[in-house]
1. Keeping to region 6-57, report how many residues are closer than 19 Å to Leu118 by Cβ, in contact (Cβ under 8 Å) with a residue 60 or more places away in the chain and either of a type in the set (Phe, Trp, Tyr) or in contact with a Lys or Arg (Cβ under 7 Å, 6 or more places away or on another chain) (or both).
2. Could you grab me the full set of residues in region 121-137 that are part of a loop (DSSP other than H, G, I, E, B), under 19 Å from Ser2 (Cβ atoms) and either free of Cβ contacts under 8 Å to residues at least 60 places away in the same chain or of a type in the set (A, V, I, L, M, F, W, C) (or both)?
3. Take region 24-37 and flag every residue that is surrounded by fewer than 24 Cβ atoms within 10 Å (Cβ to Cβ) and not hydrophobic (A, V, I, L, M, F, W, C).
4. Of everything in region 101-120 that's out of contact with any Asp or Glu (no Cβ under 8 Å at 6 or more places or on another chain), crowded, with 18+ Cβ neighbours inside 10 Å and not aliphatic (A, V, I, L, M), which residue is nearest to Ser2 (Cα to Cα)?
5. So, in region 62-77, of the ones that are without any contact (Cβ under 8 Å) to a residue 12 or more places away in the chain and not hydroxyl-bearing (Ser, Thr, Tyr), which residue ends up nearest to Asp226 (Cα to Cα)?
6. Surrounded by 22 or more Cβ atoms within 10 Å (Cβ to Cβ) and modelled with pLDDT of 95 or more: is that true of Val9 in this structure?
7. Any idea which of Gly325, Gly281 is farther than 22 Å from Pro377 by Cβ and either surrounded by fewer than 17 Cβ atoms within 10 Å (Cβ to Cβ) or within 26 Å of the chain's Cα centre (by Cα) (or both)?
8. So which of Ile380, Ile391 is surrounded by 20 or more Cβ atoms within 10 Å (Cβ to Cβ), under 26 Å from Thr162 (Cβ atoms) and either without any contact (Cβ under 8 Å) to a residue 60 or more places away in the chain or aliphatic (A, V, I, L, M) (or both)?
Amino acid sequence: MSARRVLCVLYYFPPSGGPGVMRGLKFVKYLREFGWEPTVLTVDAETFSNPGEYTPDPTLLAEVPTGVEVIRVGSAEPLRLKRALVRLKLMRLAQMVFYPWLWERQVAWVAPAIEAALAASSTSRFDAIYTCSGPYCSNWIGRAVRQRTGTPWIADHRDPWTSAWALHWPSRVHHRWTRRWESRLLTEADAFVANTPGQRFEALSSFPGLDAERVVAITNGYDQSDFAAPVGPRGDSLFRIVHTGSFDAPTGVTVAGHPIRRWLRDHLEYRNREYDRTSHGPVTLFDALTLIRDRSPETYARLQVDLVGTRSSRWAPDVEARSLGSSVTLHPHEPHADAVARMRQADVLFLPSTSRTDGGRVSRVSQKLYEYLRAGPPIIAVTGAGDAADIVSKTGAGIVVPQRDPAALAAAIVGLMDGSTTVGPRVEQAVASYDRRELTKRLATVLDRAVAGHAVDAAGGDV
């Protein structure tokens, strides 16, 4: 039997770098093994040089299987208009008045992407369309293709949308509008994929119109092939703590900003206030290092902390303010293979998490956790109850430390250094469940079921 064909709408795709690329890229890499031939619809490579994009990582192009068709469409992002609006201090007004056209900076891509998707559908019959977001405007592409061709559509939210803690809207009214759009789009999709069990539960709780049988959780994961190369000796005897990726917390050094802008932010803009982003940063780690230094300078002298990522340099004033010296090194973004090698050479992998102001469970899980699992060194997860804590506990891969408790974090670090604290044993079967091949197999099953379900609906005259 010939392979079925799926059109994968992936705004973030190599040569873009960063965590937003990995989910779609790895699905494309392994779908053929489970009977699906992918075609990728993405933006042109020059887009990733624009402001606000992840640092490009051309090495990831080697991950795209030979023969996979990649259709690239210009982003159509109105950069000149946006720069002019920012310069004239009119961007916020424009976002409010012209919402939704400026609500997401990638929204201009939707029209040309729909045109390209329909053109591809006319020459190559697709059995399914898969969209991965953010950007969340990708949902409109999947919906349009489904409406015009009848092709089953699977909507995958790599991150939550209107329940996201990091996003903001011009006002509460705009958030309500967007929430209605999300509800309509997800109920129209043939299947909806959430990236953690907690986010699946939240989606079903938030949108009663969703059919529970069409909502599945497929987590992020690690790719075994990324860990195949041998890792040489490190060349030092320091106890090395590593974090890779971005921190979402604001730095300790703040800029007051214009008073009108502050008023709009505090009184008009809408954010999901139940989430607290300040815990998703290195402040607790810095405070723990300060405690270790003050209590035991000889122990502190054996420590080395490497923070790797595009935004790491923003934390330099905080390091300087605490006089942490050369024990903390802030590295720029590195190619994925180099970041993986650094993880594997670490003694401890540091994982902070967003918190909730109401003390509830946190469903968000950083992509890096899954690669930390495979890398091998013990994980110190500074997190409250939620999916991340569950994964660390289930796999036996590390220690969960309360958020904003530098004394507990310091004790965990020192305990791992002197051997008084141990981790494990690791549950390898649980770790293996996050292998990208296994996760792609699950996605292929969702695609198969969507096609089968669509065929039943069509036969019954419901579509």
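The values are calculated or read from the model by the stated rules, or taken from the named source; none is laboratory data. These figures come from a predicted structure and were not determined experimentally. Because the Cβ atoms are built from the backbone with ideal geometry, glycine has one as well, and the counts that use them run over all protein chains shown.
1. Residues that pass the stated criteria total 3.
2. Narrowing region 121-137 to residues part of a loop (DSSP other than H, G, I, E, B): 124-127, 134-137.
Those left that are additionally under 19 Å from Ser2 (Cβ atoms): 124-127.
If the condition is that a residue be part of a loop (DSSP other than H, G, I, E, B), under 19 Å from Ser2 (Cβ atoms) and either free of Cβ contacts under 8 Å to residues at least 60 places away in the same chain or of a type in the set (A, V, I, L, M, F, W, C) (or both), then Phe126 is the only one that fits.
3. Hits for region 24-37 are Lys26, Lys29, Tyr30, Arg32, Glu33, Gly35, Glu37.
4. Glu104
5. Initial filter on region 62-77 (without any contact (Cβ under 8 Å) to a residue 12 or more places away in the chain): 62, 66-67.
Within this subset, residues satisfying the condition of being not hydroxyl-bearing (Ser, Thr, Tyr) are 62, 67.
Working: Ala62: 12, Gly67: 21 Å.
Among them, the one singled out is Ala62.
6. On the way: surrounded by 22 or more Cβ atoms within 10 Å (Cβ to Cβ): yes; modelled with pLDDT of 95 or more: yes.
When the stated conditions are applied, Val9 passes them.
7. Working: Gly281 fails: farther than 22 Å from Pro377 by Cβ.
That would be Gly325, the only listed residue that is farther than 22 Å from Pro377 by Cβ and either surrounded by fewer than 17 Cβ atoms within 10 Å (Cβ to Cβ) or within 26 Å of the chain's Cα centre (by Cα) (or both).
8. Numbers: Ile380 fails: under 26 Å from Thr162 (Cβ atoms).
So the residue among Ile380, Ile391 that is surrounded by 20 or more Cβ atoms within 10 Å (Cβ to Cβ), under 26 Å from Thr162 (Cβ atoms) and either without any contact (Cβ under 8 Å) to a residue 60 or more places away in the chain or aliphatic (A, V, I, L, M) (or both) is Ile391.
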